[in-house]
């Protein structure tokens with residue numbers, strides 16, 4: 001069997017072994033966030049800390065049939081300052097993971113990115129997603145970054161996104177992860193800037209700038225993931241056809257690929273924002289309960305690094 005965690009079932013099992021972790025849900029009177037917190041509590045990977053209007057949150061949880069969550073969660077009273085309180089608790093070590101509740105992502109990230117009171121580490125924040133790829137050799141987890149935060153990353157930002165991905169992949173047991181820098185083609189051409197960036201990142205890897213990892217590109221999606229496609233194009237690099245993670249050129253590419261995986265292929269999915277002092281979860285209202293638990297499990301492993 002290949003190294004690293006191969007399925008979300010295995011990921012959740014590993015999260016139970018190293019957890020549970022304290023998850024601060026910001027403005028928790030939100031169906032998506034409460035359902036995710038309840039599921040994670042039930043399987044033993046999270047200890048929810050529900051921040052906001054306690055009476056309103058408890059009533060919402062009970063209306064959703066989440067009696068165990070209402071009984072066992074910790075409640076922290078807050079109003080419009082809930083995000084600031086949650087970030088302060090994370091900075092002081094009172095909570096291990098942040099999760100978005102009934103507020104916009106930018107409202108949560110404003111205190112996160114505060115230079116004096118936030119959760120900055122000097123690194124770029126990026127969204128690290130995983131999907132359970134199904135192939136002839138059985139399922140395996142494959143990373144996808146960054147489809148959530150950085151619209152059009154520069155070469156320097158792409159380097160930081162790769163470093164974030166490597167750290168997360170190490171948390172999942174990949175000792176030397178293979179990261180494919182994907183574009184529309186495997187040919188380097190000045191007409192497509194992403195291929196030039198891919199070449200530069202490959203050269204950085206060759207000089208040891210990424211440590212225990214293999215970074216190679218440009219690769220098209222097919223020859224990044226499928227061994228037969230890489231062979232058909234005559235690409236012999238170890239990353240080609242065996243990528244553990246895909247680095248996409250823009251947030252649009254990552255977002256479209258992620259939603260194709262979720263809604264067209266129907267594969268399991270999960271994602272977490274990395275690069276801050278604690279992992280940050282920004283679940284969408286359309287994500288399934290299963291995918292939200294996957295995100296919580298990723299957060300638990302990253303928080304345990």
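Just name the residue that is nearest to the chain's Cα centre (by Cα) out of those in segment 236-252 that are more than 20 Å from residue 169 (Cβ to Cβ) and at pLDDT 95 or above. Reasoning before the result, please.
In the first step, residues of segment 236-252 are kept if they are more than 20 Å from residue 169 (Cβ to Cβ); the result is 236, 250-252.
If we keep only those that are at pLDDT 95 or above as well, we get 250-252.
On the way: 250: 16, 251: 14, 252: 16 Å.
For segment 236-252, the residue satisfying everything is 251.
If a residue must be surrounded by 22 or more Cβ atoms within 10 Å (Cβ to Cβ) and not in a strand (DSSP E or B), how many such residues does segment 130-146 contain?
1
What tally of residues in segment 83-106 results from selecting those that are more than 19 Å from residue 42 (Cβ to Cβ) and at pLDDT below 95?
Number of matching residues: 6.
With a cut-off of at least 3 residues that are under 23 Å from residue 129 (Cβ atoms) and at pLDDT below 95, name the helices (runs of 4 or more DSSP H) lying wholly within segment 1-79. Lay out the reasoning, then the answer.
Details: elements: 8-18, 31-42, 54-63, 67-72.
In segment 1-79, 31-42 are the helices (runs of 4 or more DSSP H) which contain 3 or more residues that are under 23 Å from residue 129 (Cβ atoms) and at pLDDT below 95.
Has segment 232-245 got at least one residue that is in contact with a helix residue (DSSP H, G or I) (Cβ under 7 Å, 6 or more places away or on another chain), over 14 Å from residue 186 (Cβ atoms) and outside any loop (DSSP other than H, G, I, E, B)? Full working, then the answer.
As a first pass, look at segment 232-245 and keep what is in contact with a helix residue (DSSP H, G or I) (Cβ under 7 Å, 6 or more places away or on another chain): 233, 235, 240-245.
From the residues that got through so far, the ones that are over 14 Å from residue 186 (Cβ atoms) too are 242, 244-245.
Retained after the next criterion (residues that are outside any loop (DSSP other than H, G, I, E, B)): 245.
Yes, that holds for at least one residue.
For residue 109, state whether it is surrounded by fewer than 24 Cβ atoms within 10 Å (Cβ to Cβ), over 23 Å from residue 212 (Cβ atoms), in contact with a helix residue (DSSP H, G or I) (Cβ under 6 Å, 6 or more places away or on another chain) and in the same structural domain as residue 57 (by TED's automatic domain parsing).
For residue 109, the condition - surrounded by fewer than 24 Cβ atoms within 10 Å (Cβ to Cβ), over 23 Å from residue 212 (Cβ atoms), in contact with a helix residue (DSSP H, G or I) (Cβ under 6 Å, 6 or more places away or on another chain) and in the same structural domain as residue 57 (by TED's automatic domain parsing) - is not met.
What's the total number of residues in segment 167-193 that are crowded, with 23+ Cβ neighbours inside 10 Å and assigned to a helix (DSSP H, G or I)?
Residues flagged as crowded, with 23+ Cβ neighbours inside 10 Å and assigned to a helix (DSSP H, G or I) within segment 167-193 amount to 2.
Please go through segment 112-129 and pick out each residue that is more than 15 Å from the chain's Cα centre (by Cα), part of a loop (DSSP other than H, G, I, E, B) and crowded, with 20+ Cβ neighbours inside 10 Å.
Initial filter on segment 112-129 (more than 15 Å from the chain's Cα centre (by Cα)): 112-123.
Okay, now just the ones that are also part of a loop (DSSP other than H, G, I, E, B), so 113-123.
Of everything in segment 112-129, just one residue is more than 15 Å from the chain's Cα centre (by Cα), part of a loop (DSSP other than H, G, I, E, B) and crowded, with 20+ Cβ neighbours inside 10 Å, namely 119.
The values are calculated or read from the model by the stated rules, or taken from the named source; none is laboratory data. All values derive from a computational prediction rather than experimental measurement. A quick note on method: Cβ atoms are made from the backbone with ideal geometry, for glycine too, and the neighbour counts reach across all protein chains shown.
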